[in-house]
């Protein structure tokens, strides 16, 4: 089956050009102005921008946390991702404390296999460091896992500085790369204890016990550890200017540091935690928390300058009923927000349409950079001959209002309820097959493939 997309503009990390796009089977065959190739299907995309399928390199589907399980498993979560233009997700395989990496990977492959609507891969979480874990790393690469996750917070997952150092050194030697959640766990625990002693148990205490300077401190400490290990690192879900300053300092020292931020930090702010109604405030609890509104402009400028390389969602969805677990204690509110379904439209509406970033920069942040960073390029992340025909047809005239009732995520609410978008996603194609049209996911049977990944090329 040959499909010809006519009349649109094709986005890349380098710009946007008027071009027709020819797809045969699962692959892009050619692109250029006025293509005359014969095709069984001709799709009129006049006025639309064709993006390479978006890649979300930070999702948490079917994750046990805070005494419950995320509302979105791989089925509902990947349907939501696909509806939002994300054709590939990279989730986190999480061994339980004391388990082998192989056990964790096996469990996550079972969770995702045959249940995922978009293509998928895994990062491997390392929550312990010992000789057995070290010896397992080579097998992870053989299984197509080239990126890993370390935590500087959360008691069940946190590594001490010594183990961070050893893990980074070993991954550097193997050619892997590591993303790190940076917050100062010890001081946060101390601040939480003080709030509890004072009886201040509402969601308002959440941002007060996880201030931006403790994120910045952890970023600084991690980067000095990475300097000692001579290893590249990724700072995941960075939220504020102080933390970004530490990254810039490290780069000036000659270190390789990549940065990810998320739509919630670009569009929402900490005032939401101070709403009187518990549910209205608790639904926004995530870690790191939403920050002061002034930080949004800092992050947008960093995106425009190229100081931040990717925008993922950290999609970790819970229902409002699950959020109620923390009604009497803010530390028991499951942390995380739904986001895979709205990322593309938010980045266009709040970024491109408001001239904070260009179309090319949006393509770089959502498609090409994550593909390069996580070893998927050029199969993913670009529309060129030989690449997978993962295509997002974005219609700048297709604006609509985001409403939870229209979403397919199992969270049951949207953090962006009532947001009026500039344009919208008309179609999503996964490997040459129409998967989403006018907001409806067409397939009833998941057809996502596992993506074995290579090394970073960013």
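Coordinate-derived values only; no laboratory data. Just so you know, these numbers come straight off a predicted model, no measurement behind them. For neighbour counting, all protein chains shown are included, and Cβ atoms are generated from backbone atoms with ideal geometry for every residue, glycine included.
Please work out the FRET efficiency for the pair residue 169 and residue 132, using the Cβ-Cβ distance as r and a Förster radius of 22 Å; give the result to the nearest 0.05.
My answer for the efficiency is 0.85.
Suppose R0 equals 30 Å; then what is the FRET efficiency for residue 2 and residue 406 from their Cβ-Cβ distance, rounded to the nearest 0.05?
Working from the Cβ atoms, E equals 0.35.
For helix 101-112, report the angle its Cα long axis makes with the longest principal axis of the Cα atoms of the chain; keep it between 0 and 90° and round to the nearest 10°.
Relative to the chain, helix 101-112 is tipped by roughly 50 degrees.
Once you place label points 7 Å from the Cα toward the Cβ at residue 444 and residue 196, how far apart are they in nm?
Distance between label points: 4.9 nm.
Using the alpha-carbon centroid of each, what span in Å lies between segment 427-454 and segment 347-372?
First find each Cα centre; the distance between them is then 21 Å.
Calculate how many DSSP beta bridges within the chain are antiparallel, expressed in % of all such bridges and rounded to the nearest 5.
Counting DSSP beta bridges with both partners in the chain, the antiparallel share is about 50 percent.
Rounded to whole Å, give me the distance from the Cα center of segment 245-260 to that of segment 134-181.
One Cα centre to the other: 19 Å.
Using Cβ contacts closer than 10 Å as the measure, can you line up 343, 221 from fewest to most?
Starting with the residue having the fewest Cβ neighbours, the order is 221, 343.
If you fit an axis through the alpha-carbon atoms of helix 161-174 and take the longest principal axis of the Cα set of the chain, what angle between them do you get, 0 to 90°, nearest 10?
Here the helix axis deviates by roughly 30 degrees.
Please compute the modelled spin-label separation between residue 457 and residue 156, points set 7 Å along Cα→Cβ, answer in nm with one decimal.
So the two model labels end up 3.8 nm from each other.
For residue 358 paired with residue 420, estimate the spin-label separation in nm (one decimal), with each label point 7 Å from Cα along the Cα-to-Cβ line.
Calculated label separation equals 2.9 nm.
Give me 92, 122, 419 sorted ascending by neighbouring Cβ count inside 10 Å, so fewest comes first.
419, 92, 122
With everything on Cα atoms, drop me the angle between helix 212-229 and the longest principal axis of the chain, reported from 0 to 90° to the nearest 10.
Approximately 80 degrees, to the nearest ten.
What order, most packed first, do the peptides 435-448, 226-239 have when packing is the mean number of other Cβ atoms within 10 Å of each residue?
So the order, starting with the most tightly packed, is 226-239, 435-448.
Grab the beta carbon distance between residue 329 and residue 18, set R0 = 56 Å, and tell me the FRET efficiency rounded to 0.05.
0.50
For segment 80-115 and segment 201-219, what is the separation of their C-alpha centers, rounded to whole Å?
For segment 80-115 versus segment 201-219, the Cα centre distance is 29 Å.
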